[in-house]
Structure formats: C-alpha cells, structure tokens
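Since every read-out is calculated from the coordinates, none of them should be taken as a lab result. These numbers come from a predicted model, not from an experiment. All Cβ positions, glycine included, derive from the backbone under ideal geometry; neighbour counts span all protein chains shown.
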Amino acid sequence: MKELPKAYEPNNYEDNIYKHWEESGFFNPDKCVEKGKTDAEAKHFSIVLPPPNVTGTLHMGHAAMLAIEDLMVRYSRMKGKKTVWVPGTDHAAIATQTKVEKILMEEGLDNPREELGREKFLERVNKFAQESHDTIIHQTKKMGSSLDWSREAFTLDEQRNLAVRTVFKKMYDDGLIYRGHRIVNWCPRCHSTLADDEVEYKEQQTKLYTFKYSKDFPISIATTRPETKLGDTAVAVNPKDSRYKKYIGEVFEIKNFAGGPDLKIKVIGDEEVDSEFGTGALGVTPAHSHVDYEMAGKNDLEIIQVIDEDGKMTAKAGEAYQGLGVEEARRKVVEALKKEGLMEKEEEIANNLSICYRCSHTIEPLTSRQWFIDVNKEFAFKQSKDNPIEGLKDGESVTLKKLMQHVVRAKEIKIVPDRFEKTYFHWIDNLRDWCISRQIWYGHRIPVWYKGDETYVGVDAPEGESWQQDPDTLDTWFSSGLWTFSTLGYPNLDSSDLKTYHPTTVMETGYDILFFWVARMILMTTYTLGEIPFETVYLHGLVRDEQGRKMSKSLGNVIDPLDMIEKYGADATRLSLLVGNTPGNDMKLSEEKIAGFRNFANKLWNISRYIQLTVTSEKKTMNKDLKVPEAETLADKWILNELKKTASFVTNDLESFRFSSAGEQLRDFTWSELADWYLEIAKIEGDKSKVLNYILNTILKLWHPFMPFVTETLWQQIYGKDNILMVESWPTFAEATVGKAAVGGSEDFGLLKNIITNIRSLRADYKIDPAKKLDVVVSAGDEKEILDKNTEVIKGLARLENIEIEVKVDKPDESIGFVVGGVEVYIKLGGVVDFEKEKSRLNNEVSDLGKYINSLEKKLNNENFVDNAPAEVVEKEKGKMEEAKSKLEKLNSQLQSLK
RNA sequence: GGUCGUAUAGCUCAGUUGGUUAGAGCGUACGGUUCACAUCCGUAAGGCCUCUGGUUCAAAUCCAGAUACGACCACCA
C-alpha cells in the first residue's frame with residue numbers, strides 16, 4: 001500500500017478502473033452469482049436502459065439518466081440483489097434517416113433516396129448509425145455506467161426484428177392491426193406519416209380570409225388555408241345557430257370555384273362548431289383536416305384529396321391548380337376570389353402551425369392508406385402465468401386503452417412523481433388509433449406481403465413466387481415499445497432472462513417521452529405478455545443551463561458531459577446531476593456546480609489519505625472487513641452514531657427515489673461532521689485506527705453508487721486490486737458498543753461543539769491573533785464530568801492554553817463570557833477587554849433572548865395552546881422556556897459584573 | 001381553451017405526515033503558512049418563506065383566491 005498523491009486526478013484512474021470492472025465480469029449478474037458476490041436467492045433488480053438514438057452524441061440529459069440509473073443499479077448490486085442493467089441503442093427511424101439525408105444533401109445530392117436507391121441509401125444510414133453507436137457507447141462507459149454489455153441490444157438488430165415481426169403478426173391475428181384509408185399527419189419533407197404525438201405546434205401570425213364560395217352562396221366562411229377549399233364538400237355550422245339553421249341539409253353546387261373545380265357543398269350541423277369564431281361557419285375539407293375528416297364520417301361526405309404527398313395540388317384541384325405548390329395555390333385562390341368579388345375580409349390572427357417534430361417542415365393532413373393499431377377494439381386478454389396483472393382475468397374482454405388505464409389506475413405500475421399519472425390518463429382519453437406505417441426506408445419493414453389482391457401477414461415471408469413485401473417500415477416506437485422484453489429473450493418465452501428479470505423493476509426516463517415511449521411500452525407489454533413492463537416509472541426532468549434555458553447549439557450554452565468529465569472527473573459530473581435533481585422537475589446546471597463536486601471528490605480523497613496515513617503510522621493494517629468498533633470517547637460515540645444515522649437515512653432515501661437528499665446527507669456527514677470535526681479531534685485524542693478504518697470503509701461503500709470511480713480507486717489502493725468495492729456489501733448497522741471511557745451522547749457532543757464554536761466566534765469578533773492561546777474558565781454545573789473528560793478536545797480545537805472547569809465559578813475579572821447549554825464560559829483577556837463593546841454585545845443578546853422569551857410566554861399563557869396541543873409539544877416549549885430563562889439570568893449577572 | 005407545476009438568503013435549492021429563534025451549497029465580507037486537503041480551514045453578514053383571505057391553540061407547510069413564470073395537451077376553421 002503506497003501513499004496516495006496529494007490531490008485526486010480523475011483522469012489518471014477512471015479508464016483503468018472501468019476496464020477493471022469490465023474484466024471482473026461483475027456487470028453481469030450471472031458472474032456475480034457464480035462468484036458468490038450476489039445472493040442467488042434474492043429478488044432481482046432490473047433496468048433496461050432507455051436506448052439513446054443513434055443520431056449523434058450524448059448530452060447532459062443522457063448523462064443525468066446514466067447517473068441516476070447507475071446509482072440505483074450499483075446500490076442494488078451492493079444490496080446483494082441479482083442486478084442487471086441492459087444497454088442498447090435505438091435506431092430512431094425518422095430521426096436518423098433525416099439526419100443522414102441532411103448529410104448527403106450537404107455532400108451535394110439533391111434527392112438522396114432517389115439518387116442512391118434503397119440498398120445504397122440504407123448502407124449509408126447503417127454506417128452512420130454504427131459510428132454514432134460507437135461514440136455513444138464510449139461516452140456511456142466514460143460516465144462509469146455499470147451496464148451488462150454482454151446483453152447489449154439494438155432496436156433494429158436481428159433479435160429485435162424477430163420480436164417485432166412476432167408481435168405484429170399476433171396483433172394482426174387478433175384484429176388489432178388493420179390497414180385503412182384514413183386521414184394521417186403527413187410530412188412532405190420526410191415523405192412519411194407521423195403519429196399524432198410526433199406533430200409539434202409553432203405559434204405564428206397568419207391571415208384569416210373570409211369569403212363566399214359564390215355570389216349566391218348564402219353563408220360566408222373563414223379560413224387560413226384557402227387552397228384547401230378546392231376540396232371542400234360541406235359547410236358546417238352549429239345546429240343552434242339561428243342564422244344558419246335553416247340551411248342545414250341543403251346542397252349547393254358551385255361551378256368553377258376560384259377558377260378551379262366544381263364543388264358540391266352540403267350544409268351540415270355540428271355541435272363542435274363555435275358560432276363565435278369567424279363567421280360561425282366553417283368550410284369542411286375532409287381530406288385535409290382531422291376534424292373535418294371526422295365530420296365527413298358522421299355525415300357521409302365525399303372526401304376529395306386536393307394536395308398530394310409531395311405537397312403539390314392534385315388533378316382534383318382543377319387544371320388551373322394541378323401541380324402547384326401549396327403556397328402558390330393559396331395566392332392564386334386568394335387572387336381569384338378577390339377578382340370575383342367574393343373575398344369579404346382579410347385579417348391577421350395568431351394560430352398554431354403543425355410541424356414535423358424531426359424536420360420542422362409543415363405537416364399536411366391528408367388521407368392515405370396506412371397501417372393502424374386499433375386502441376378501442378375488444379379482444380380477449382391473455383394473462384401472464386408468472387406475473388399476472390391484478391384485477392384482470394384471463395380471457396376477459398379488454399381494449400388496449402383499457403389495459404393501459406388499468407395497470408396505472410390499479411397501481412400495478414407506479415409513476416414517480418405521481419402527478420404524471422393525471423397527464424397519462426388524459427393522454428389515453430384523447431388517444432386515437434395509432435398509425436404505425438412510415439414511408440421511410442430505415443426501420444423494421446412491415447411483415448406483410450402482397451400478391452395481386454392477396455395479403456399475407458407473417459413472421460416470415462410466404463412461400464412461393466412473386467410476393468411483394470410492403471415497402472413501408474414501422475414507427476420507431478413500435479420496436480421501442482417492446483424494449484423491456486425484446487431485450488430479455490422474447491419471443492422465446494422460456495428464456496431465463498425473461499423469467500428472471502421481467503417485469504423490470506424500474507423504468508427511468510425523461511417525462512418528455514412519457515407518451516411516446518412509456519405509454520407504448522405499457523400497451524405492447526400488457527398485450528403481448530399479459531404482464532406489466534416495469535413496476536415503477538421514475539421520470540427525470542430536462543437539464544437546463546444556469547439561466548434555465550434549454551441547452552442548444554444555437555444558444556451556445558451546451559455543457560458537454562465529456563468535457564466536464566475531462567475537466568472535473570466523471571464522479572463530479574455525476575454528483576452535479578444527482579444532487580439538486582428531483583423527479584419530474586427540470587434542473588439547472590452550471591460548470592461551477594460541477595467544480596464544486598470536484599472539490600468534494602478531492603476532499604473524500606484526502607480524508608482517505610489522512611486515515612490511511614494515520615492507521616499506517618500507528619503500525620496497524622487497514623482491514624476491509626472490520627466490525628463496528630468500540631467507542632472510547634464521547635467523540636467516538638458521537639461520530640459512530642452519526643454514521644449510523646446517516647447510513648440509515650441514505651438507505652431510506654435511495655429506497656424512496658430521493659437521490660438528491662441521499663447525496664446531501666452523505667456530503668454533510670463526510671465534510672462537516674467527519675472531516676471538520678471528528679478528524680480534527682482524532683488528531684488530538686490519537687489511537688483511533690479502528691474507528692477511522694471502520695468509518696472510511698463505510699463511507700466509501702455508501703458513496704460508491706454516487707461516485708464509483710474515486711471510491712473504487714481508493715478501495716483498491718488500500719485493499720489491493722483483487723478487492724472490488726463495486727461488489728462489497730451495502731453497510732447495515734448493529735448498535736455501536738460503548739467502551740467504559742465514553743460518557744454522554746450526541747447532545748453532549750453538541751455542547752462541546754457549541755463551546756468551541758462560541759470561543760472561535762468571540763476570537764474573531766475581538767480580532768484576537770489566531771496564534772494566541774487563550775485561558776478559559778468554565779462554570780459547568782451538571783456538565784462538569786463531560787467537559788472534564790474532553791478538556792484536550794476543547795483546548796485543541798479552540799486553541800486554549802488552559803481550561804479550568806468548576807461546577808460553579810464566578811466570572812473572572814477582565815474576561816468576556818458567553819452562556820451555552822447551561823454552561824458559562826469565560827475567556828480571560830487581561831487588560832484588553834473593551835467594556836463598552838462587551839456591554840453592547842451582551843445587551844444585544846439579552847434583548848434577543850427577551851423577545852424569544854416573550855413569544856414563548858405568550859404561547860404558554862394561551863390556554864388554548866396548553867389545552868389543545870399534544871402534551872409533549874407543551875413540555876417541549878416549557879423546557880425551552882426554562883433554558884432561556886436560566887440563560888437570561890446568567891447573561892444578566894455577567895452584565896452586572898461588568899460594573 | 002383544458003390540465004399540471006413552480007414561487008423560501010444575491011444565485012441554485014432543502015425544509016418528509018402542521019409544533020426548533022427557517023437550513024445547506026455557491027457567492028460575499030473578515031481572518032488564517034494548524035505537519036490529509038488553498039480543489040483547504042475558521043468566523044460572520046444576508047430571509048414580510050410572492051400577495052390576500054381562511055382553517056387551526058399553532059401555517060413556509062393545509063384550503064381558497066390573486067399575481068408572475070414555466071410545462072404539457074387540445075386546437076378555431
């Protein structure tokens with residue numbers, strides 16, 4: 001065991017430590033069980049990593065996710081549970097394809113897909129995904145994540161593809177997947193559909209046009225999109241609207257609308273129409289608006305598609321418009337209406353523009369033939385044998401919606417923080433059928449084949465010639481929805497991983513993908529396996545900059561995790577993301593905060609360094625398996641007690657997902673109590689090797705899940721490379737035995753602290769040279785014995801020459817004093833006492849105390865309080881009163897002795 | 001429009017089921033060459049706990065309302 005360097009330099013250790021962990025095999029629970037590092041009988045703890053998109057690099061949000069998950073995982077592993085954390089990455093279909101297209105276009109291709117063809121194009125995407133994957137894995141390891149790499153998965157690999165095909169086929173057979181011609185969100189840039197929740201909205205100013213279809217049309221309508229009016233088939237009004245009621249049911253024919261097609265407009269009544277907005281009547285364009293589409297269904301209207309999948313006007317829009325872009329068509333319609341004198345009003349209004357969440361291009365709602373998952377269709381629920389869902393019967397008729405609602409409502413799945421349950425239910429209430437087909441190339445190909453009019457749906461391609469597979473791919477969330485079980489061996493239901501680790505224990509992810517992902521996993525898993533995917537959902541917030549802004553390249557406020565690891569170490573980076581981070585809330589992060597935790601890591605390093613040096617100098621050997629040592633002094637008893645308390649709080653906090661609180665408790669113990677008090681006392685009292693050794697072992701274990709690198713480095717420096725802290729047992733506590741020399745308890749140590757702090761404070765107040773050693777006289781009353789036993793501690797920490805402790809002693813001349821915990825302490829200053837200053841200091845204290853006593857008096861004289869408050873509270877207040885009064889008396893007598 | 005969240009020291013936040021003279025870190029001021037650590041140590045200053053009502057013996061904490069900021073959902077043509 002060699003002496004440690006003075007400062008902790010993370011870069012000198014981190015990579016080697018990670019390699020050492022990997023080589024040990026202990027990231028893999030099977031190895032832990034084999035080598036007896038885990039209780040084979042214990043309940044499992046499993047997390048599957050939310051797979052980062054292979055679109056680039058990790059950001060601070062990922063770093064926070066890794067820090068939180070690794071904390072839980074390392075804690076559980078030390079607890080002896082069979083712990084697995086499954087790594088993986090997500091192919092992120094549209095996102096990745098869009099990114100690669102952008103790169104290819106920067107390389108000079110105008111239309112990459114067309115120019116390269118499916119095969120070549122996918123080659124490029126795969127190459128990009130691979131590189132991105134490698135970067136991400138590297139970063140993940142840098143954070144110290146104890147992931148079981150032997151189980152790594154990719155949402156688009158063979159195993160996952162088989163899972164996807166299997167589930168698709170199952171759902172199709174159950175009638176939950178259907179193909180239909182329906183209105184969808186279409187991104188003309190991505191040339192694909194989007195799910196409802198993949199549409200974002202951007203507020204913008206736009207023109208609202210009020211016009212009539214023709215001179216003799218009785219109703220004016222308002223629109224922000226005149227070009228879609230070429231496909232109108234109805235006008236909807238509120239059935240209660242007296243202005244228009246009489247027209248409901250009538251059909252008007254308009255010739256050559258805006259120089260374009262002939263229209264047949266039926267007036268319909270619909271409760272949804274707001275009589276107050278615009279003219280109170282709206283033109284219904286079933287092919288290009290979700291709401292209108294629904295009205296068309298109810299009223300059996302014709303659906304005329306006037307915009308095609310490239311965002312160009314179709315033949316149905318009339319010869320004059322065919323082939324024009326949307327914007328151009330709009331101008332032309334407006335012009336035509338004006339020319340014909342049909343335009344009545346133009347006004348600027350604010351409205352929301354729908355845009356694609358991946359490429360920000362305007363969304364065109366249009367009708368198209370797509371694959372959907374029916375969320376309202378009844379089917380027979382298939383219950384899991386091993387992990388049945390409470391409250392559901394095998395064979396019971398359910399819908400996907402009902403399943404999703406049930407497991408959360410019945411608390412089979414707990415969401416942390418629970419307020420998100422409300423959001424979750426609200427989302428499900430509004431849920432429409434999920435459009436799962438995408439017209440992009442990068443993703444899971446839909447396992448459907450066509451031959452003429454025949455359709456074949458299967459896990460594998462059908463036998464025989466001339467079957468054509470559907471060219472579309474699946475929504476990326478289809479495969480991520482299977483993630484908790486597709487990573488554990490599905491579709492092999494006998495897989496031991498699936499049996500051992502599913503349902504997973506915790507799903508830790510960002511609240512921003514509660515709908516995208518968490519809800520989909522619940523849907524897919526309850527359907528496929530008849531069990532829940534996870535027991536608890538822990539939702540973290542966004543990591544923002546110190547001003548609370550989102551980190552973005554354009555703002556230039558991005559803090560890159562790798563830079564921070566390089567500069568301050570992975571442990572400091574992790575801690576900065578754990579402390580001050582509460583579930584469901586965004587957190588602000590600054591480089592200063594990370595630097596602060598770098599300081600702490602160094603502090604822990606030096607605490608260890610000191611303890612190691614001390615133990616060695618006492619010719620003792622460090623022992624990693626030490627039992628709770630005997631307390632010899634008051635300080636020993638106090639620190640062991642504090643350690644026990646801290647460990648129990650931390651354990652409690654970790655069990656209840658209060659990670660920030662756990663970290664703060666530990667930091668306070670380590671820095672304030674251990675380093676600032678106990679170690680200083682240990683220097684005075686000496687011969688502490690057992691207590692020091694024991695405390696160090698314990699705090700290294702407690703800190704390990706938070707700061708794996710520095711704790712592991714220290715552990716191995718002290719106990720050798722064969723001893724790996726990561727698989728040591730989490731501390732549990734027996735009562736510390738107390739040696740005969742120790743008297744008093746935590747409160748008594750508090751008195752000691754107070755005396756010392758007060759002396760220091762007066763020293764500072766009187767600007768007494770810190771090197772000057774003082775003489776002190778104490779009138780100790782009942783506390784004499786305690787203080788007698790600790791004179792050396794007081795002398796050392798308060799820098800005293802002499803201390804005289806009596807039961808009762810008068811204030812010496814030319815001294816200043818204070819009262820604390822019933823004890824009077826006088827510092828002899830000789831001729832330098834400034835009586836005026838002393839008077840005013842004591843007077844201030846007396847006056848403050850007076851106010852305090854008054855408020856207590858008021859309380860205690862209040863009959864209502866004495867009668868109604870619990871006896872113990874009243875007693876407590878009385879105790880305070882006595883203490884305060886006795887203190888007041890002593891202060892007054894001190895004042896008097898000042899003449 | 002609907003739902004939800006937040007408001008405590010200059011800044012970032014704790015404050016567990018109502019009951020300490022409301023806490024921590026950073027920052028600030030003052031002082032320190034203590035042999036583990038200046039990535040350190042000591043001391044101090046700094047708070048109508050957003051506002052207004054209510055419940056209660058007792059409110060930073062519970063309830064109602066207001067204000068400000070933020071998020072999500074829906075979407076109006």
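So here's what we get for this one:
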quantity: Residues A:H59, A:H502, sorted so that the one with the fewest Cβ neighbours within 10 Å comes first; calculated: A:H59, A:H502
quantity: Hits among aspartates and glutamates - C-alpha to C-alpha of A:K627 under 12 Å, sequence gap 8 or more where chains match; calculated: A:E735
quantity: Residue exposure sequence - A:E101, A:E872 - by fewest surrounding Cβ within 10 Å; calculated: A:E872, A:E101
quantity: Above-threshold pairs, the threshold being 27 Å between Cα atoms, out of A:K839/A:K885; A:K43/A:K382; A:K298/A:K411; A:K6/A:K619; A:K382/A:K411; A:K645/A:K885; calculated: A:K298/A:K411; A:K645/A:K885
quantity: Mean Cβ count within 10 Å, highest first, over the residues of peptides A:281-290, A:599-608, A:478-487; calculated: A:478-487, A:281-290, A:599-608
quantity: The stretch A:1-68: C-alpha gyration tensor shape, a/c 1.5 cut-off, then a/b vs b/c; calculated: oblate
quantity: Cα-based radius of gyration of chain A once divided by 2.2 N^0.38 Å, which approximates compact folds; calculated: 1.26
quantity: Kirkwood hydrodynamic radius of the stretch A:241-283, Cα pairs, Å; calculated: 11.7
quantity: For the stretch A:711-868: rounded, prolate or oblate by the Cα gyration tensor [a/c cutoff 1.5]; calculated: oblate
quantity: 3J(HN,Hα) from dihedral phi, the stretch A:526-533, Karplus parametrisation 6.51/-1.76/1.60, rounded to Hz, x for glycine, proline; calculated: 4, 5, 6, 9, x, 9, 7, x
quantity: Mean projected area (nm²) of the alpha-carbon convex hull when the stretch A:182-247 is viewed from all directions; calculated: 7.0
quantity: Per-peptide average of other Cβ atoms within 10 Å, ordering A:656-662, A:117-123 highest first; calculated: A:656-662, A:117-123
quantity: Radius, Kirkwood style, for the stretch A:14-116 when every pair of distinct Cα atoms is counted (Å); calculated: 16.5
quantity: Under-5 Å amide H pairs with A:Q469, H placed in peptide plane, nonlocal only; calculated: A:Y450
quantity: Reachable aspartates and glutamates, given that their alpha-carbon falls under 14 Å from the alpha-carbon of A:K19 and they are not under 8 places away in the same chain; calculated: A:D148, A:E712, A:D722
quantity: Sequence-distant residues sharing a close amide H with A:K377 (under 5 Å, placed H); calculated: A:L400
quantity: Amide proton proximity set for A:V537, modelled H, under 5 Å, gap of 5+; calculated: A:K414, A:I415, A:V416, A:M507
quantity: Karplus (6.51, -1.76, 1.60) ³J(HN,Hα), θ = phi - 60°, over the stretch A:605-610, in Hz, Gly and Pro reported as x; calculated: 4, 6, 4, 5, 4, 5
quantity: Where GluC sites (Glu not before Pro) fall in DSSP loop in the stretch A:647-676, at most 11 other Cβ within 10 Å; calculated: none
quantity: Those lysines that a straight Cα-Cα span of less than 22 Å connects to A:K878, excepting residues fewer than 8 apart in one chain; calculated: A:K851, A:K858, A:K859, A:K887, A:K890
quantity: Kirkwood hydrodynamic radius over Cα pairs of the stretch A:607-651, then Stokes diffusion coefficient at 4 °C and 1.567 mPa s, in µm²/s; calculated: 106
quantity: Span per principal axis, largest first, for the Cα atoms of the stretch A:419-563 (Å); calculated: 63, 40, 37
